[in-house]
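J.: Sharing a structure here in structure tokens format.
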Amino acid sequence: MRAARMHGYQQPLVLEDVAVPDMAADEVLINVTAAGMCRTDAQLVDGYFQDYQPLTFPITPGHEIAGVVDKIGRLVPNTAGLTEGDQVVVVGGWGDGTCRLCQAGDTQLCGHGRWPGFGPYRGYAEFLPVPYAYLIRVDTKYHLKAEELAPLTDAGLTPYRGIKKLRNAGALGPDRVLAVIGIGGLGAYAVQYAKLLSSGATVVAFGRNDEKLAVAQQYGADHVINTKGKSIDEIRRELLQATDHHEIDAAVDCAGAEETIQMGFALLATAGTYVSVGLVGTRINIPLFPFVGREFTYHGSFWGNYNDLREIVVLAQQGKIKHTLKKVRFDDINENLARLRDGDIIGRAVVTF
Ligand SMILES: [Zn+2]
């Protein structure tokens, strides 16, 4: 099978022919039909996670995976409801199944977990074995395309979990302003979930690229603000003009740059709630006194669990999720990783096989 593999940091992926991987008896072999390209893939190649996740090369990146069931292991129970030829998406973050977090369903947080896309056999290859518990079947009667399904497993999932945290914190509702900060691969989905989950809040998209902000507007943002080169006071004036509010009550930060976090907290209202899902920067640097004195709440939110993804699949089947996609040929992976690194891609790039 074809695979695009990392043989070291800061080198292009090597596109090569490798053996189809073996599978365990409780696994399902997936024929990958599409793999989303995440900024994280470029960061993985660049060594961003080097201190947190030791790697043994070669590594095949690609953690946004949609495919078709090719072979089913003999210990996979019938109740898994899987048949050869089924269309499936792969849940990221495979836990050990024994810890408190796994038992609560948050296998992506497991301390002894495996993440597809950070090991030997993953999305940038034609086949991968997946433990049956981490597959969600997508009914083919909805005619969802592989390239639409793959990004739902991260870009279309991560902001959903983040916005659920805002909702569960009671931060959303009419007369509240919800900011979506950063309109890249995640942000284009975040705007849609902001409208779906925010119970009438005003949704404002903040970004630095008019073309990306136009996508946010098309997907339901009530207002968009281009922050490029603007001071906080200028941004606040635009916010006031657009919404009649000079502050935001809640924010989902899909960029995660040091500057976006600083901007978001500078605009945050007293008792406001902020959730970070983006990972561009490396540190959080915000003033402490307003954080304490104005009772800000700050959530980290990582990827999504099985149930989060199931909910997303239902929304997709109901036709409630729109996609801005760029189909990428396998041979063009490296060129597109470079474009991703530069923030040049509108929406999500997806490798299709
Ligand atoms: Zn665990």
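The values are calculated or read from the model by the stated rules, or taken from the named source; none is laboratory data. Fair warning: this is a prediction, and the values are worked out from it, not measured in the lab. Here the Cβ positions follow ideal geometry from the backbone for every residue, glycine too, while neighbour counts run over all protein chains shown. Only protein heavy atoms, including side chains, enter the accessible area calculation; ligands, DNA and RNA are left aside. Shrake-Rupley method; radii C 1.70, N 1.55, O 1.52, S 1.80 Å.
J.: Can you tell me how segment 144-257 classifies by the Cα gyration tensor, rounded, prolate or oblate, using a/c under 1.5 as the rounded cut?
T.: oblate
J.: In the chain, which longest range has no GluC sites (Glu not before Pro) that are both DSSP loop (not H, G, I, E or B) and surrounded by at most 16 other Cβ atoms within 10 Å?
T.: Result, exposed sites excluded: 85-246.
J.: List every residue whose amide H lies under 5 Å from the amide H of Ile183, counting only residues 5 or more places away in sequence or on a different chain, with H placed 1.01 Å from N in the peptide plane.
T.: Arg208
J.: In this model, which of Lys141/Lys195; Lys141/Lys322; Lys141/Lys164 are farther than 23 Å apart at the alpha-carbon?
T.: From Lys141/Lys195; Lys141/Lys322; Lys141/Lys164, over 23 Å: Lys141/Lys195; Lys141/Lys164.
J.: May I pose another question? What number do you get for the chain when its Cα radius of gyration is normalised by 2.2 N^0.38 Å, N = residues?
T.: 0.98
J.: Oh, and also: Express the carbon and sulfur contribution to the solvent-accessible surface of segment 263-321 as a percent, rounded to the nearest whole number, probe 1.4 angstrom.
T.: 57
J.: Compactness ratio of segment 262-328: Cα Rg over 2.2 N^0.38 Å, N = residue count?
T.: 1.54
J.: Related question: Summing +1 for each Lys or Arg and -1 for each Asp or Glu, what net charge is found among the other residues whose Cβ lies under 15 Å from the Cβ of Ile72?
T.: Here the charged neighbours net out to -3.
J.: Name all residues of segment 58-73 having a backbone nitrogen under 20 Å from the label point set 7 Å from the Cα of Phe330 along its Cα→Cβ direction, giving them as ranges.
T.: The answer is 58-71.
J.: Using modelled backbone amide H atoms (1.01 Å from N, in-plane), which distant-in-sequence or interchain residues come within less than 5 Å of Glu126's amide H?
T.: Those lying under 5 Å, H to H, from Glu126 are Arg2.
J.: If you average the alpha carbon positions of segment 200-255 and of segment 137-157, how far apart do those two centres end up, in angstrom?
T.: Each part's Cα centre sits 28 Å from the other's.
J.: Classify segment 190-261 from the C-alpha gyration tensor, please: rounded if a/c falls under 1.5, else prolate or oblate depending on whether a/b exceeds b/c.
T.: The shape class here is rounded.
J.: Stretch Glu259-Gln103 to full length: gain in nm at 0.36 nm per residue minus the Cα-Cα span?
T.: Here the answer is 52.5 nm.
J.: Full extension from Thr270 to His112: what is 0.36 nm times the residue separation minus their Cα-Cα distance, to one decimal in nm?
T.: The Thr270-His112 span can extend by a further 53.1 nm.
J.: In nm, to one decimal, how far is the Lys322 label point from the Asp139 one, both placed 7 Å along Cα→Cβ?
T.: 2.5
J.: Express in nm, to one decimal, how much length is gained between Arg341 and Ala169 on full extension, taking 0.36 nm for each residue of separation and deducting their alpha carbon distance.
T.: 58.6 nm
J.: Nothing charged except the Cβ atoms of Lys and Arg (+1) and of Asp and Glu (-1): what's the magnitude of the dipole of segment 141-269 about its Cα centre? Round to the nearest 20 debye.
T.: 440
J.: Straight-line reach only, C-alpha to C-alpha below 13 angstrom: list the aspartates and glutamates that Lys165 could link to, leaving out same-chain residues fewer than 8 apart.
T.: Partners found: Asp253, Asp308.
J.: Taking amide H atoms as placed 1.01 Å from N in the peptide plane, list the residues 5 or more away in sequence, or in a different chain, whose amide H sits under 5 Å from that of Leu268.
T.: Hits under the 5 Å cutoff: Ile248.
J.: Among the lysines, which fall within straight-line cross-link reach of Lys230, defined as a Cα-Cα distance under 21 Å, with same-chain neighbours fewer than 8 residues apart omitted?
T.: Leaving aside lysines fewer than 8 places away in the same chain, those within reach of Lys230 are Lys212.
J.: Quick check for you: with a 1.4 Å probe and neighbouring chains kept, what is the accessible area per residue of the chain, in Å²?
T.: Accessible area per residue, the chain: 44 Å².
J.: Just to confirm the filter: which trypsin sites (Lys or Arg not before Pro) across segment 278-346 are DSSP coil and have at most 10 other Cβ within 10 angstrom of their Cβ?
T.: Arg283
J.: Where nothing but the Cβ of Lys and Arg (+1) and of Asp and Glu (-1) is charged, how large is the charge dipole of the chain around its Cα centre, in debye to the nearest 20?
T.: 440
J.: Between segment 29-84 and segment 268-315, what is the separation of their alpha carbon centroids in Å?
T.: Segment 29-84 and segment 268-315 have Cα centres separated by 26 Å.
J.: What is the percent carbon and sulfur in the accessible area of segment 119-192, measuring with a 1.4 Å probe over the protein chains and ignoring ligands?
T.: Carbon and sulfur atoms account for 46 percent of the accessible area of segment 119-192.
J.: Under the rule a/c < 1.5 gives rounded, and otherwise a/b versus b/c splits prolate from oblate, where does segment 1-119 land using the Cα gyration tensor?
T.: oblate
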